[in-house]
Every structure is written in C-alpha cells, then in structure tokens.
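Throughout, read-outs are computed from the coordinates displayed, never taken from laboratory work. Computed from a prediction, not measured in an experiment: that's the story for all the values here. A quick note on method: Cβ atoms are made from the backbone with ideal geometry, for glycine too, and the neighbour counts reach across all protein chains shown.
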Amino acid sequence: MKNILVTGGAGFIGSNFVHYMLKNHDYNIINLDALTYAGNLDNLSDVENDPKYTFVKADIRDKAAIEEVFEKYSIDTVVNFAAESHVDRSITEPEIFLTTNVLGTQNLLETAKRHWKVNPDDKYSSEFKSGVKFLQVSTDETYGALGKTGMFTETTPISPNSPYSASKASADLVVRAYHNTFGMPVNITRCSNNYGPYQFPEKLIPLMINNCRNNKSLPVYGDGMQIRDWLHVSDHCSAIDTVLHKGKDGEIYNIGGNNEKANIEIVKLIISTLGKSEDLIEYVKDRPGHDRRYAIDNTKITTELGWSPAYTFEQGIKETIEWYLNNEQWINKITSGEYTKYYEKMYK
Ligand code: NAD
Ligand code: TYD
C-alpha cells in the first residue's frame, strides 16, 4: 500500500481519516473531492503543504477525471467516503443520492478494475495485482431499523428505509458484485453514527451545539426517543485502518462502540454542558420514515481483527463540545450563506 485514493476527504469523516493516515503511516494520500456543500478544505489547511498529501477537485462520477487520477498517481488502494450523506436531504432531493452514491461508486470500481487486473482484457481472469484493495465506507443504516431489542450483525439482511440508506445499500451490492464476478479485493465497512470535529452542522450533534450556543431553539424530531449508536470519528478511522491492513477480501465488517443513546438524552447533555435551559427544546414534526433504533454488534471486527474503540462516549462528547466552542470561526463560516437558506427551508 503506497498510494491511497481517499474520496470525499474534504468532508467530516474523510478529513479526519486524512489526518489520521498522515499521522500514523508513511503513505501518499490523494484526496479527491468534488467540494459539494459538505466538502470544506479548511478541514485540511494544516496538512495542505505535506509532501505526502495531494488534493484533486473532481467528481467520482467523472470517468475521465478518475481515469487520470489512477494513471497519474498509480493508485493501489481506494477508500471511498464520497457520498451524499444526509437523510433529510435525501427526502427532498433523492436523485443525487443515486447518481453520486451508486453510479459514482461503480465508476470508481470500474476504473480500479481496469488498472488493477493483471489481464484487464480477459473477462474470465480474476487475477488482481497484489496489494490492491477497494474499501467501501458504508453505514449501519443499510440494515434498516431495529425494535427495542437486537443488534445488527454482518448477516442481518439489508433493509434500507430512506433514499440515503437505499443508495448506500445499492452501492454495497455493486461492490459485492465486483468481488464475486471479477475477483476484486474489496471490503465493506458499516459504521454507526459518528461524532467529533469537522462534522457539518446539519447533523444532530453539531446542529444542537451550534443552536445552543446561539440560544436558538433545538428542533427534536417526534418524541426524541429514537436511538442511535454513537462512535467517535477517530475510532471509525482506526477501524478503517485496521480493515485496510487486516480485513479478509470480500468481507463486511460492522463498526460500533456500544454507545446507544436516545436523541433527547444527547440534546439534554449538550444543554447542560453549555449551561443553557431546556426551554430551548422544541419538539417538531417527525422525519418521514424515521428509523427508530440502530445498534451495532461489533463482535466480528473486535474478535477477528483485534480492533477496539479508544473513546468512551463521555470523554468523546466532552471533547467534541469543547472543539466546536473553540472553533467558532470554522462554524461561523459554514453557517453563513447557503446554510442559512437550507436551515430556513428545512425547519420553517
Ligand atoms: P460528509 O457529507 O461530511 O462528506 C461527504 C464528502 O463527499 C464531502 O466532502 C463532499 O464534498 C464529497 N462528495 C459528495 N459528492 C461527491 C462526488 N460526487 N464526488 C466527489 N466527492 C463528493 O459525509 P461524512 O459524514 O463524512 O460521511 C462520509 C462517508 O461515511 C459517507 O459515505 C457516509 O455514507 C459514511 N458514513 C457516515 C456516517 C456518519 O455518521 N456521518 C456513519 C457511517 C457511514
Ligand atoms: P442525523 O445526525 O441526521 O443522523 P442519521 O439520521 O443519519 O442517524 O440524525 C440523528 C438523529 O437525530 C436522528 O434520529 C434524527 C434526529 N434529529 C433531530 O431530532 N433533529 C435534528 O434537527 C436532526 C438533524 C436530527
């Protein structure tokens, strides 16, 4: 592994992953990102002059651009984060979720196949160059919703409910097909909800911190009793790193840290940490098709690959709240302009 193509590296998890890999390894990192509303090069300003780091502005759906990057940088590993990632946006604008998340992934796979197959013109050969790998960053949301009990394992049937999760599940199936049909070395990781620095404030935790610090109302969907299983983003990065190095070809690995919390618990924790009043809470109309509960069974990655999370939720959320309070400039820049229009349309 020498030349890693990280797609979507200017987003929340991707930028954390770029930092993580530059710090922990001696690989060349090529960050390819279309810089949609969610992509932000400010997340990477501290590494922009690192000789092991290159940024390319391109769309994963652009065949010529992806071909050029594989050629120019001799890509041997792909970690595909690039995606439309927000459930609420997938309800109002589903189409881009399918083109980016499904067709974009297929374009990356096809280009990788052409470059990595020993005999690219022989359709019956499944021999790939050694040391290549395609890692698809997926989500627990592909499994659908749980009732009060049970957890998602890697053998839980895929049963997505939102256009976002349906697009991610579809992409996973295409990745699986490239492994089964062509023999491409792939892994799929399915992680639970992430939190931490550089998350776009359309998602629950940074949105609530930002509104709270500005004394704005805190829009809780439905009864606020939906449950998510939270993982600090740096633990997600270390899990992906583990799968890249130790994952068995063709396998799916769930990633989670056993931290189930109801949304309202998180909102109240943010309020009390910031010393504000619970009067800020505003129960609003529920999200259509809202998944009630997610929970990851992480037995496979912990026992087979020896990964475990480093953060407790208590420590992680404390540091995360502090990070947003200490990085006012970062959040103020993002929440001016387009974000204001999004917020008004979404929450009016
Ligand atoms: P994000 O929205 O913060 O970042 C997505 C990045 O992809 C942005 O930088 C954006 O500019 C880029 N992008 C979007 N469309 C593109 C395109 N067509 N071509 C190139 N780049 C494009 O998302 P995130 O929260 O960092 O999530 C990253 C990945 O992890 C996604 O695939 C998501 O499904 C998955 N995931 C996220 C979570 C979570 O809790 N956030 C949990 C599990 C899995
Ligand atoms: P989100 O961060 O959008 O992640 P996901 O939907 O992918 O799990 O939302 C997390 C939970 O918080 C989800 O149950 C929806 C809820 N939520 C609110 O109650 N209010 C909000 O303003 C947002 C953005 C989310």
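Zone of HIS290 (label point 7 Å along Cα→Cβ, backbone N under 17 Å): which residues in segment 133-152?
Within reach of a label on HIS290, which here means backbone N under 17 Å from a point 7 Å along Cα→Cβ, segment 133-152 contributes 145-148.
Only sites in a loop by DSSP and with at most 15 other Cβ atoms within 10 Å count here; which trypsin sites (Lys or Arg not before Pro) in segment 107-209 make the cut?
Loop-located and lightly packed - LYS123, LYS129, LYS148.
If you take every DSSP beta bridge fully contained in the chain, what fraction is antiparallel? Give it as a percent rounded to 5.
10 percent
From the C-alpha coordinates alone, can you work out the Kirkwood hydrodynamic radius of segment 224-348, in Å?
Evaluated on segment 224-348, it is 17.3 Å.
Considering only the other residues whose Cβ falls under 14 Å of the Cβ of PHE152, what net charge follows from Lys and Arg at +1 and Asp and Glu at -1?
Result for the local shell: -2.
Figure the gain on full extension for TYR37 and GLN315 (residue separation times 0.36 nm, minus the Cα-Cα span) and round it to one decimal in nm. Don't skip to the end; give the middle numbers.
On the way: separation 278, 0.36 × 278 = 100.08 nm, distance 2.96 nm.
Full-extension gain reported as 97.1 nm.
Could you let me know the centre-to-centre spacing of segment 201-230 and segment 291-348, using Cα atoms, in angstrom?
11 Å
Please list 287-300, 40-53 highest first by mean number of surrounding beta-carbon atoms within 10 Å per residue. Numbers along the way, then the final one.
Numbers: 287-300: 16.9, 40-53: 14.1.
Top of the packing list down: 287-300, 40-53.
Pick out, from LEU103, PHE128, MET21, the residue whose Cα sits farthest towards the positive end of the charge dipole of segment 10-158, with +1 on the Cβ of Lys and Arg and -1 on the Cβ of Asp and Glu.
Looking along the dipole axis, the top candidate is PHE128.
Can you tell me the orientation of helix 233-246 relative to the chain, as the angle in degrees between its alpha-carbon axis and the longest Cα principal axis, to the nearest 10?
For helix 233-246, the angle is close to 20 degrees.
Taking 0.36 nm per residue of separation and subtracting the Cα-Cα distance, what length does fully extending ASP46 through GLU322 add?
On the way: separation 276, 0.36 × 276 = 99.36 nm, distance 1.95 nm.
Extra length from ASP46 to GLU322 when fully extended: 97.4 nm.
If R0 is 45 Å, what FRET efficiency do you get for LYS57 and VAL118 from their C-beta distance, rounded to 0.05?
Between LYS57 and VAL118 the formula returns 0.90.
If R0 is 51 Å, what FRET efficiency do you get for TYR27 and ASP279 from their C-beta distance, rounded to 0.05?
Details: r = 50 Å, r/R0 = 0.98.
Efficiency computed from Cβ-Cβ geometry: 0.55.
Please list, in chain and number order, the residues 5+ apart from ILE255 or on another chain whose amide H is under 5 Å from its amide H, with Hs placed from the backbone.
For ILE255, the qualifying residues are ARG190, CYS191, SER192.
For the ranges 339-346, 56-63, what's the packing order if you count other beta-carbon atoms within 10 Å of each residue, average per peptide, and put the highest first?
Output ranking for 339-346, 56-63: 56-63, 339-346.
Run through segment 152-219 and list the chymotrypsin sites (Phe, Trp or Tyr not before Pro) located in a DSSP loop whose Cβ has at most 16 other Cβ atoms within 10 Å.
none
Rounded to the nearest 0.05, what FRET efficiency is calculated for SER308 and THR181 with R0 set to 41 Å and r the Cβ-Cβ distance?
0.75
If the chain between LYS129 and ALA64 were fully stretched, how many nm would it gain, using 0.36 nm times the residue separation less the Cα-Cα distance?
21.2 nm
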